[in-house]
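J.: Got a structure here, written out as structure tokens. Questions coming.
The values are calculated or read from the model by the stated rules, or taken from the named source; none is laboratory data. Note that the structure is predicted; figures quoted are calculated from it, not measured. Cβ: placed from backbone, ideal geometry, glycine included. Neighbour counts: every protein chain shown. Keep in mind that these areas ignore ligands, DNA and RNA; they rest on the heavy atoms of the full protein, side chains included. Shrake-Rupley method; radii C 1.70, N 1.55, O 1.52, S 1.80 Å.
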Amino acid sequence: MKTYVVGGAVRDELLGLPVKDHDHVVVGATPEQMVAQGFRAVGKDFPVFLHPATQEEYALARTERKTAPGYKGFVFHTAADVTLEQDLVRRDLTVNAIARAEDGTLTDPFDGQGDIARRVFRHVSDAFAEDPVRILRVARFAARYPEFTVAPETNALMRRMVDEGEVDALVPERVWQELSRGLMEQKPSRMLQVLRDCGALARIVPELDCLWGVPQPEKWHPEVDTGIHMEQVVDYAASQELELPVRFAALLHDLGKGVTPADKWPAHHGHEGLGVALVKEVCARLKVPTECRDLAVLTAREHGNVARALELRCRTVVKLFERADAFRKPARFLQLLQATECDARGRIGPSGSFADTPFPQRAHLEKALAAARAVNAGEIALGLAEQPQRIPDMVRNARVRAVQAALARGDEPDDDSVD
Ligand code: CTP
């Protein structure tokens, strides 16, 4: 029996990157021998074992055969006579199909090292097509290693898989898992580009795919194209190391611009409201977790108001807080501010980036929210025990006054009908 380190660990070592976990492949052993040596069998379908001391994964060398469409239809063949090369040939990319023996020798039958040097993602064999998740993986790897490109033949194969409906067979949980991981990488726009180039984005999130080619007013958007704007905004969010919900909200904030009638371009009046329904649709389809969905909906709806914060009257600001449930969820409101800040500062035009442009809206609204939250709503309610119907108005009025004082806006008209 021989064991080898394979996959991501070898790839990242060769790239000079830190290695998180080691996957091992075992050649020449049976499951019984593994168990006899103290390994613990895990997973019902996969012949995978955990090392008794390190808890690292050891998989028996195996071959796979496709039995049904989608990624569920696999049967595994594992036997002591499956060779290392047979195991490597069914792996996704040449850069992931390099094995390192215990003495350090590399087995690299598909020139993964050459592709690492050339910075190319290339599929190992036709077996790539047996697992459509691999399309998403390639896209996610592109976001993690932005200097890599996809080999033309691999892009062609991925396109063929998309045309054959393979991507449509993926379960939403798996799509979300890969998309969300890709968003957390250093350059999420590369993931979007790879998915677009093979036609997968149009199948998975057509609401995003249609944003390329939609113009915006050059005065505000020097990048003009809405798809490019969205790429810039998610990359900026990644550069700021923001959390997943903020990156996801940045990704979907302008979906409404995709449904503006072309004769209204480059204006997009009302795109925030139109975007809300689209964001909800995408999130329902991909079974997006609630935290990500709620922030994405909120950001689609309110990013325009946040961007205009300095011009809003204090009463309007308080209503924004109410709609955003900011009194109960101040941390989420901060995420809305972060996503909107990415929208503003992520822009890059011919004369440079907006990354250093001030975004005073954030401090302005943070200050206003702190003041409004300091109002003791419970005390006001107690004082109005006889007239409970007046409580909401009185609480709001007190908050408006608190915000006016904090922002030194005491002299502005305080009339609801002006909103
Ligand atoms: N693999 C594959 N096809 C998949 C999933 C995995 O061929 N759909 C193979 C690849 O050789 C991969 C290895 O299994 O390198 C380990 O998979 P995984 O741990 O998911 O990915 P890594 O490449 O190790 O990348 P990461 O750094 O994201 O863990």
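J.: Could you pull out the GluC sites (Glu not before Pro) across the stretch 327-419 that fall in loop regions by DSSP (anything but H, G, I, E, B) with no more than 12 other Cβ atoms inside 10 Å?
T.: Glu386
J.: Between Ala36, His253, Ile380, whose Cα lies farthest towards the positive end of the dipole of the chain when Lys and Arg beta carbons carry +1 and Asp and Glu beta carbons carry -1, centred on the Cα centre?
T.: About the Cα centre, the residue reaching furthest to the positive side is Ile380.
J.: If you count only protein heavy atoms with a 1.4 Å probe, what accessible area per residue comes out for the stretch 71-169, rounded to a whole Å²? Write down the numbers at each step before the final one.
T.: On the way: 4080 Å² over 99 residues.
Roughly 41 Å² per residue, with all protein chains present.
J.: Moving to a separate point now. I'd like the carbon and sulfur percentage of the solvent accessible area for the chain, probe radius 1.4 Å, heavy atoms only, ligands and nucleic acids excluded. Don't skip to the end; give the middle numbers.
T.: Values: 10080 of 19230 Å².
Reported share for carbon and sulfur atoms: 52 percent.
J.: Springs between alpha-carbon atoms under 10 Å, Gaussian network over the chain: tell me which of Gly114, Gly182, Gly258 tops the mean-square fluctuations.
T.: Among Gly114, Gly182, Gly258, the largest mean-square fluctuation in the Gaussian network model of the chain belongs to Gly114.
J.: Let me ask something else about it. Which FRET efficiency value, to the nearest 0.05, is calculated for Ala79 and Ala156 with the Förster distance at 22 angstrom and r the Cβ-Cβ distance?
T.: Rounded to the nearest 0.05, the efficiency is 0.05.
J.: Express in whole angstrom the spacing between the alpha-carbon centres of the stretch 388-409 and the stretch 238-285.
T.: If we compute the Cα centre of each part, the gap is 32 Å.
J.: Excluding residues fewer than 8 places away in the same chain, name every one of the aspartates and glutamates whose C-alpha is closer than 17 Å to that of Lys319.
T.: Those aspartates and glutamates meeting the cut-off are Glu272, Glu302, Glu311, Glu366, Asp393, Glu412, Asp414, Asp415, Asp416, Asp419.
J.: Counting only heavy atoms of protein chains, what accessible area per residue, in Å², does the stretch 324-381 have with a probe of 1.4 Å? Let's see the in-between values first.
T.: Numbers: 2780 Å² over 58 residues.
Normalised by residue count, the accessible surface of the stretch 324-381 is 48 Å².
J.: In addition: Report the residue, chosen from Val167, Val35, Val133, that carries the largest GNM mean-square fluctuation when the chain is represented by alpha-carbon nodes joined by springs under 10 Å.
T.: Its mean-square fluctuation being the largest, the pick is Val35.
J.: Continuing with this model, one more query. Give the shape of the stretch 225-282 as rounded, prolate or oblate, defined through the alpha-carbon gyration tensor: a ≥ b ≥ c are the square roots of its eigenvalues, a/c under 1.5 means rounded, and otherwise the shape is prolate if a/b is larger than b/c and oblate if not. Walk me through the numbers on the way to the answer.
T.: On the way: a/c = 3.21, a/b = 1.65, b/c = 1.94.
Oblate.
J.: Give the Rg/Rh ratio for the stretch 218-314, taking Rg as the radius of gyration of the Cα atoms and Rh as the Kirkwood radius, to two decimals.
T.: Numbers: Rg = 13.6 Å, Rh = 14.0 Å.
Reported Rg/Rh (Cα atoms, Kirkwood Rh): 0.97.
J.: Right, another one. Here are some pairs, Lys187/Lys287; Lys20/Lys287; Lys219/Lys257; which of them have Cα atoms lying more than 18 Å apart in this structure? Show your work: numbers first, answer last.
T.: On the way: Lys187/Lys287 24 Å; Lys20/Lys287 28 Å; Lys219/Lys257 16 Å.
Over 18 Å apart, Cα to Cα: Lys187/Lys287; Lys20/Lys287.
J.: State, as an integer percentage, the relative contact order of the chain based on alpha-carbon contacts under 8 Å between residues 6 or more apart. Present the calculation step by step, with values, prior to reporting the outcome.
T.: Numbers: 689 pairs, mean separation 39.4, N = 419.
Reported as a whole number, the value is 9 percent.
J.: How large is the convex hull of the Cα atoms of the chain per residue, expressed in Å³ as a whole number? Can you show the working numbers first?
T.: Numbers: hull volume 81.2 nm³, N = 419.
Taking the convex hull of the Cα positions in the chain, it is 194 Å³ per residue.
J.: Applying 1/(1 + (r/R0)^6) with R0 = 41 Å to the Cβ-Cβ distance of Glu102 and Asp126, what FRET efficiency is obtained, to the nearest 0.05?
T.: Numbers: r = 31 Å, r/R0 = 0.76.
Once the sixth-power term is evaluated, E becomes 0.85.
J.: Could you tell me how far the Cα centroid of the stretch 125-139 sits from the Cα centroid of the stretch 2-48, in Å?
T.: Using only Cα atoms to place each centre, the spacing works out to 21 Å.
J.: Still on this structure, I have one more. With a cut-off of at most 10 other beta carbons within 10 Å, and DSSP calling the residue loop, which GluC sites (Glu not before Pro) in the stretch 203-247 qualify? Please list them.
T.: Working: sites: Glu207, Glu218, Glu223, Glu231, Glu241, Glu243; in loops: Glu218, Glu223, Glu241, Glu243.
Sites meeting the loop and neighbour criteria: Glu241.
J.: Now a separate question. Just add up the charged neighbours of Glu166: K/R +1, D/E -1, any other residue whose Cβ is under 10 Å from the Cβ of Glu166. It would help to have the intermediate numbers written out before the result.
T.: Working: positive: Arg134, Arg160, Arg203; negative: Glu130, Asp131, Asp163, Glu164, Asp168.
Charge balance in the 10 Å sphere: -2.
J.: May I pose another question? Starting from the 7 Å offset along Cα-to-Cβ, what nm value, one decimal, do you get for the label separation of Val259 and Ala284?
T.: Taking the simple label geometry, Val259 and Ala284 are separated by 1.2 nm.
J.: What trypsin sites (Lys or Arg not before Pro) in the stretch 306-370 are in a loop by DSSP, with at most 16 other Cβ atoms within 10 Å of the Cβ? Please report the intermediate quantities before stating the final value.
T.: Numbers: sites: Arg308, Arg313, Arg315, Lys319, Arg323, Arg328, Arg332, Arg345, Arg347, Arg362, Lys367; in loops: Arg308, Arg313, Arg328, Arg347.
Taking the stretch 306-370 and a limit of 16 other Cβ atoms within 10 Å, the loop trypsin sites (Lys or Arg not before Pro) found are Arg308, Arg328.
J.: Any chance you could run the full-extension gain for Ile391 through Ala36? It's 0.36 nm times the residue separation minus the Cα-Cα distance, nm to one decimal.
T.: Numbers: separation 355, 0.36 × 355 = 127.80 nm, distance 7.18 nm.
Roughly 120.6 nm would be gained on extension.
J.: What residue among Met161, Gly182, Gly104 has its Cα farthest toward the positive end of the dipole of the chain, where the charges are +1 on Lys, Arg and -1 on Asp, Glu, each on the Cβ?
T.: Farthest along the dipole direction, towards plus: Gly182.
J.: Using +1 on the beta carbon of Lys and Arg, -1 on that of Asp and Glu, and nothing else charged, what's the dipole of the stretch 294-419 about the Cα centre, debye to 20? Before the final figure, lay out the partial values.
T.: Details: 19 positive and 18 negative charges, 60 e Å.
The calculation lands at about 280 debye.
J.: Here's another thing I want to ask about it. How high is the relative contact order of the stretch 264-419, in percent, with contacts defined as C-alpha pairs under 8 Å that are six or more residues apart? Let's see the in-between values first.
T.: Numbers: 121 pairs, mean separation 32.9, N = 156.
Result for the stretch 264-419 is 21 percent.
J.: Which of Arg40, Arg390, Arg122 moves most in a GNM of the chain, Cα contacts under 10 Å?
T.: Arg390
J.: Shape call for the stretch 144-187 from the C-alpha gyration tensor, a ≥ b ≥ c root eigenvalues: rounded (a/c under 1.5), prolate (a/b greater than b/c) or oblate?
T.: Oblate is the answer for the stretch 144-187, as a/c is 1.5 or above yet b/c matches or exceeds a/b.
J.: Note the per residue figure in Å³ for the convex hull of the C-alpha positions in the stretch 182-223.
T.: Values: hull volume 3.9 nm³, N = 42.
Here the figure is 92 Å³ per residue.
J.: A follow-up question, please. Going from most exposed to least, what order do Thr299, Thr3 have by accessible area with a 1.4 Å probe?
T.: Order by accessible area, largest first: Thr3, Thr299.
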